[in-house]
Protein chains: 2
Amino acid sequence: MNPLAARTIATLALLMFSLTQGLRRAVQTKPDSASTIFGTRHRTWRQTIERVGCVAGALSALGVRRGERVAILSLNNDRYFELMYAIPWIGAVLVPINTRLATPEIEYILSDSGASLLFIDAAMAHHLTALRDKMPAVRESVWLDDIASPDGMLHYEDLTAYEAPEDVFASGDDLAGLFYTGGTTGRSKGVMLTHTNLVINAMNAVAGIGFNSDTAYIHSGPMFHLADGASTFGVTMAGGRHAFVHRFDPVDVLQTIQSEKITHAQFVPTMVNMLINHPRFGEFDISTLSFILYGASPMPDGVLRKAMQVMPHVRLMHAYGMTEASPIVTLLDPRYTTLSGPFAGRHKSCGQVALGCEAKVVDANRKEVARGTAGELAIRGTNIMKGYWNKPAETAAVLEDGWYYSGDGAIMDDEGFVFIVDRLKDMIISGGENIYSAEVENALSLIEGVAEVAVIGVPDEQWGERVHAIIVPKPGVTLTAEQVIEHCHEQIAGYKCPKSVDFRDKPLPLSGAGKVLKRDLREPYWKGFTKAVN
Amino acid sequence: MNPLAARTIATLALLMFSLTQGLRRAVQTKPDSASTIFGTRHRTWRQTIERVGCVAGALSALGVRRGERVAILSLNNDRYFELMYAIPWIGAVLVPINTRLATPEIEYILSDSGASLLFIDAAMAHHLTALRDKMPAVRESVWLDDIASPDGMLHYEDLTAYEAPEDVFASGDDLAGLFYTGGTTGRSKGVMLTHTNLVINAMNAVAGIGFNSDTAYIHSGPMFHLADGASTFGVTMAGGRHAFVHRFDPVDVLQTIQSEKITHAQFVPTMVNMLINHPRFGEFDISTLSFILYGASPMPDGVLRKAMQVMPHVRLMHAYGMTEASPIVTLLDPRYTTLSGPFAGRHKSCGQVALGCEAKVVDANRKEVARGTAGELAIRGTNIMKGYWNKPAETAAVLEDGWYYSGDGAIMDDEGFVFIVDRLKDMIISGGENIYSAEVENALSLIEGVAEVAVIGVPDEQWGERVHAIIVPKPGVTLTAEQVIEHCHEQIAGYKCPKSVDFRDKPLPLSGAGKVLKRDLREPYWKGFTKAVN
C-alpha cells in the first residue's frame, strides 16, 4: 500500500497550522483572564473570541470571501488585534498598512492588494477624502475608532452584533497576510505570509523569548509592522495578555508598563534611547518589566550601556529578522547582552538562528563563505514567505532552492553567532574598501554629546565614495567635525572614519519600523550622480 | 496572478520541516561542545554530524533507498542516536523495535515494516538464530555493539568510513519513522510519523520544557519508545547534550547524573519510585538535576510527595502523550506540581494542550462534552500521525476530520487542564457506574506498606464487573484485604472501592514503556468469559 493513501488531501489540510488555533488555545487555557487592555477597556479571552467570531460573521455578511484581502490603516488598538484573528477566521487575508505613508503610497497598496474592505481610524481619516475615488476595489470602509464614525460609515462595534460562523480552518500554505515592506529600500512589495509562516514564527517566539501565561506584552511599536507582530501571535498562543498604546510615546509607554504590570516589550534602539533619556523616566515604577526584545537596527553601545544601568532587572534580547521571514531569523540569548566578562563582544551579534530555520552567509555567487567572512545572509525554513504578491520576478530574484537571499550583509562566527554588518545597499565602498556604516555609527555613538548618528557614503572624486557622518548633538552641546573625526580614529581603522561631518538639530528621518531612512539622507548628496540612492 | 504560482512544488518541499535541520543547528551553534556521552565515549557535534553523514553514505552504499525502512533492535547507546539522524538523512524510515518483545513479535514487525536492514546489539543477539530464516526482507544485519561482531556481520564502525552524501532533505509529509505501539492493547501497529510530526514535537518540547544549549539530558528510558524520543530531537535542536545508559538501572542513572552533570531526565513514575527508594540514593550528588519530565502512567501521590521531599531542587513536569501524537499532547507547568497551596489538586492533571495542537473531550458520538464531564480525548494538530502502516481500517477508525481519537478517557476542566481518567479499555463498569482504575490506584497507593498496585475489573455475577485490586506489599509488610478496603473507603466513594484484593510478591508486569500490563493481569480472571481482555 502507498503510505500516503492513508491520509486524504482533505485530512492533510486539517493537520496543518492555522493562525486561529493559538486564539483557541488561549481561550481553552485562560478563558477568564485578561486578553486585551486598551486605555480603560479590559477584555478576557472568552470575550475576545466571541467578538472575533462575530466580526468574522460580519465580514462574511459584507461579502468578504476566502482569499480576499482586507486592509487596516490605523494606529494601535485592541480592535486591530481582533481583526488579526477575525480576518483569517474566514480565510481572508490581512493587509496592515503603514500609517506613516503618504496618500499615493496608501492608494498604491490598496490597488496592488485589491483589498475589498478598509478599516480605518480617526488619525488616518484625513486620507479618506483624497482616496475616495481612487480605491475602486474597496467596497466598504469601516470605522475603527471610539469616536462616532463619519456619516454613512459602518462602525466596527456594529460588526460585533453578527453571528459567528464556523472557522473555515484556513491553514498551511493558505495566505494569512500581505505585509507591505518599504520605507528604507524602494517601491513597496506585498510579502505573502502563510498560516504556517506566522504560526512557526509564533512558536519560535514562545520558545526563544519564553512567553507564558503570565506574560503581559505592550504593543508600543506600530502593529502594522511585524517587528511588533513577531510577538502578537506568540503571546496569544501562550495565553498571555496584550496591552496597546496608540503609538510610541515615552510617557504613555512608561505609564502603561506601570499600570498594567507589563512584563515584555519590543523596542527599536531609538525607542530605548528615548525612554531611558526621558526626563520623567524615574517617575514610573517599571519593576514588572523583565524583558525587552530589541532589533530592526543595531543598538549603539552607549545606549545599551545606559539601558543596562538604569534597568538592571530587564533582560535584553537582540532579535534580527525581516518581514520576508515572518519575521524572526536570529535571537541572542540575553546572557550575551553584556559589555564585560567572557561573553563581551557577543552583544554586537544579533544571535543564533531560531529553531525552525537555517541561516548561512554566501558570496556574490551564492556559495557559502568561510566563517568570519562578510557576505549576504541567506535563510531557509518554514518561516520564509511564499513570495511577493504579483511580483514573480522580484520573488525569483530572492528565493532560490528554498533559500531566501536577504540582501543583508553579515558575518557568522564559529558558533553561529550572526553579526549584521549592513544592508548591502548601505555598505560604503571607499577606495576599494568595504565599510559597514553600522560599525562607524557604533564608534560615533560613544562620543559624549551625540544624540543620534547616521553614516552614509557620499560621492567623492578621489575615493569614489567617502564616509560621511550626520550627527544630531544633544541639546546644548556643540561638537566640531574635527572632534568627531579625531574620536573616531581612536576607535576604528582610519579608512573607516568619516572624512566629513554634517550636524543637524532635528531628529533623523525614521521609517515606520523606526529605522533611519538612509535613502532620504543620501538623496541631496547624490543629486546629479549615477548611484541609485534607494 | 495566482499567488500560489510564486512557489513551485519543488520550492514548497524545501520550505518544509526536516529532521536533520535540528542536527545542523546544533553543529552551527555548538560545534565543539559535547553532543553524546556513552560510558567513557564523548563526542562533539562536529564529530557527530561527520559520523552521521558517513553512516548515511554507508546506508546508501548498502542499497537503502529513499522511503525504505531500517530497523534498530538495541539497548540505548550513542550509535542508536546517530542512526536517528543517518536514516532520515537519506530519506529512509526509522523502525525502532521494542527490546522486550518475544522473537515472534519482532519477526512480525520486521515483516510488517518490510525493513531491509537490521541494526542489532549484543543484548538482542539471541533473537538472531531464531530469526535467521524468518526475515527475508532483511538484506543485511549490522552490529551495534562495542564487542566484536559475530562472524560475517558488518560492524557499525565499518560504516563510518564511507563518504557523506548530500542530505536528500526529506521533509514535510515524508515518512521519518514507523513506531510500533503495543504492549498494553493488542496487536502491534506501525505508527507513521512524518518529518513535520517529529519536528513540531521537538519545538513543543523546547518551548514547553525549556531545553537550551546548557541542557544535559539522560536517555534512561528505552530509546525505541517516544516517551524518551519526545526529548531526543528537541535537545539536539537546542544544542544540548545527550548521555545514554544502556537501560534504566537506578545506580547507573544516579552515577551518570553525578558524573555528567545531568540537568534533565524523563522517567515513568515506576522509575521515579525505584530511584528515590533505592538504598544508595543518598550516595550520589545529583544537584545538577533541575528537571524531571514524568508521564506514561499516573504518578501516585505517595511517590510524588516523596520525590518532592528528597529532590527539592528538581522541577517536576507531568507530560501526557502517545506515539500517535509524536508524542507530546499536554504538559503541566511545574508550578502546578504541588500538593498544597492554591494550585493543589492540579498536580493530578497532565496539564494543558501543547502549543502546536488542540484537544477536546468527546462523547461516544464524538460530540464535545461539557467541561468536567468524562469522555474520550481527541487531539488535532501537526503532531498527529499520518496513520497506521498498512492498516487503513484501523487508521480510519481513529482519524476523522483531522482529529485523532485517542481511546483515553479524560476530563477537561474550565482552564483546559486535562485529567486522564483511564484508558477507555481500562475503565471498569460496575453496576452501571463508570469507575476509573487510576483513581482507585491513587487511593490505594497512599496506604503505608503498599509498594505497587493495579486495579482491574473482573467478572462478577451481581455487578457485571467488580473492582479488584492487585497489590505488591513492601518487603516484610503484611496487609489484609480488609485493611485495604477499609482504607479505601476513607478516601473515595464506596462503589469505587475494591470488592476483592489479591496480594503478590513479584513486581507487576510492565510494558516496554513502563506501563503496567493490565491485559496480562486481567487474563486469568476472564478465562471463559466473553469480554475482550486486550
When you look at residue A:176, is it over 27 Å from residue B:209 (Cα atoms) and surrounded by fewer than 24 Cβ atoms within 10 Å (Cβ to Cβ), yes or no? no
Is there a residue being modelled with pLDDT of 95 or more, within 18 Å of residue A:223 (Cα to Cα) and of a type outside the set (A, V, I, L, M, F, W, C) anywhere in segment A:97-108? no
Quick check on residue A:95: is it part of a strand (DSSP E or B), in contact with a strand residue (DSSP E or B) (Cβ under 9 Å, 6 or more places away or on another chain), more than 14 Å from chain B (Cβ to nearest Cβ) and touching a residue at least 12 places away in the same chain (Cβ under 8 Å)? no
Do we find a residue being free of Cβ contacts under 8 Å to residues at least 40 places away in the same chain, surrounded by 17 or more Cβ atoms within 10 Å (Cβ to Cβ) and assigned to a loop (DSSP other than H, G, I, E, B) anywhere in segment B:160-168? no
What residue, among those in segment B:386-402 that are in contact with a Leu (Cβ under 8 Å, 6 or more places away or on another chain) and at pLDDT 90 or above, is nearest to the other protein chains (Cβ to nearest Cβ)? B:387
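Condition check ((1) touching a helix residue (DSSP H, G or I) at 6+ places or on another chain (Cβ under 6 Å); (2) over 15 Å from residue A:72 (Cβ atoms); (3) in the same structural domain as residue A:225 (by TED's automatic domain parsing)) across all residues:
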{"site": "A:141", "(1), (2), (3)": "no, no, yes"}
{"site": "A:144", "(1), (2), (3)": "yes, no, yes"}
{"site": "A:165", "(1), (2), (3)": "yes, yes, yes"}
{"site": "A:168", "(1), (2), (3)": "no, yes, yes"}
{"site": "A:177", "(1), (2), (3)": "no, no, yes"}
Failed condition for residue A:243, given (1) assigned to a helix (DSSP H, G or I); (2) more than 25 Å from residue A:336 (Cα to Cα); (3) not β-branched (Val, Ile, Thr): (1)
One residue is enough: does segment A:363-380 have a residue meeting the conditions without any contact (Cβ under 8 Å) to a residue 12 or more places away in the chain, on the phi < 0 side of the Ramachandran plot, surrounded by fewer than 24 Cβ atoms within 10 Å (Cβ to Cβ) and facing chain B (nearest Cβ under 7 Å)? no
Considering segment B:381-397, residues that are in contact (Cβ under 8 Å) with a residue 60 or more places away in the chain and small (Gly, Ala, Ser), and then whichever is surrounded by the fewest Cβ atoms within 10 Å (Cβ to Cβ), we arrive at B:387
Report yes if residue A:26 is at pLDDT below 95, within 14 Å of chain B (Cβ to nearest Cβ) and not in a loop (DSSP other than H, G, I, E, B), otherwise no. no
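Can you spot a residue in segment A:39-46 that is touching an Asp or Glu at 6+ places or on another chain (Cβ under 8 Å), assigned to a helix (DSSP H, G or I), buried (at least 23 other Cβ atoms within 10 Å of the Cβ) and in the same structural domain as residue A:226 (by TED's automatic domain parsing)?
Yes, segment A:39-46 has at least one match.
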Filter segment A:168-210 down to the residues that are under 26 Å from residue A:53 (Cα atoms) and of a type in the set (D, E, K, R), then identify the one that is modelled with the highest pLDDT. A:174
I'm trying to understand the selection: among the residues of segment B:466-478, which are without any contact (Cβ under 8 Å) to a residue 40 or more places away in the chain, surrounded by 17 or more Cβ atoms within 10 Å (Cβ to Cβ) and more than 16 Å from residue B:510 (Cα to Cα)? B:466, B:467, B:469, B:473
Would you pick out the residues in segment B:430-449 that are touching a strand residue (DSSP E or B) at 6+ places or on another chain (Cβ under 6 Å) and at negative phi? B:430, B:435, B:436, B:437, B:438, B:440, B:441, B:444, B:445
Only one of these conditions is not met by residue A:406: (1) farther than 24 Å from residue A:472 by Cα; (2) among the polar types (S, T, N, Q); (3) at pLDDT below 90. Which number is it? (3)
Does segment B:169-181 hold any residues that are hydrophobic (A, V, I, L, M, F, W, C), outside any loop (DSSP other than H, G, I, E, B) and either within 13 Å of chain A (Cβ to nearest Cβ) or free of Cβ contacts under 8 Å to residues at least 60 places away in the same chain (or both), and which are they? B:175, B:176, B:178
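Residues A:470, A:420, A:435, A:428: which one is modelled with pLDDT of 90 or more and not polar (S, T, N, Q)? Spell out the reasoning first.
Values: A:420 fails: modelled with pLDDT of 90 or more; A:435 fails: modelled with pLDDT of 90 or more; A:428 fails: modelled with pLDDT of 90 or more.
Exactly one residue qualifies, and that residue is A:470.
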Select from segment B:403-417 the residues that are within 13 Å of another protein chain (Cβ to nearest Cβ) and surrounded by fewer than 22 Cβ atoms within 10 Å (Cβ to Cβ) and write down the one among them that is farthest from the chain's Cα centre (by Cα). B:414
If I ask for residues that are touching a helix residue (DSSP H, G or I) at 6+ places or on another chain (Cβ under 9 Å), within 11 Å of another protein chain (Cβ to nearest Cβ) and in a helix (DSSP H, G or I), which ones from segment B:196-232 would you list? B:197, B:199, B:200, B:202, B:203, B:204, B:205, B:206, B:207, B:208, B:209
Enumeration of residues in segment B:319-362 that are away from chain A (no Cβ under 14 Å) and either part of a loop (DSSP other than H, G, I, E, B) or among the charged types (D, E, K, R) (or both): B:322, B:327, B:337, B:338, B:339, B:340, B:341, B:342, B:344, B:345, B:348
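Results for (1) crowded, with 23+ Cβ neighbours inside 10 Å; (2) part of a loop (DSSP other than H, G, I, E, B); (3) hydrophobic (A, V, I, L, M, F, W, C), shown as yes or no for each residue.
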residue: B:60; (1), (2), (3): no, no, no
residue: B:65; (1), (2), (3): no, yes, no
residue: B:70; (1), (2), (3): yes, no, yes
residue: B:86; (1), (2), (3): yes, no, yes
residue: B:99; (1), (2), (3): no, yes, no
residue: B:106; (1), (2), (3): yes, no, yes
Could we say that residue B:256 is more than 22 Å from residue B:33 (Cα to Cα) and not hydrophobic (A, V, I, L, M, F, W, C) here? no
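The values are calculated or read from the model by the stated rules, or taken from the named source; none is laboratory data. Predicted model only: the values in this text are computed from it and were never measured. Cβ coordinates were reconstructed from backbone atoms using ideal geometry, including for glycine residues, and neighbour counts include every protein chain displayed.
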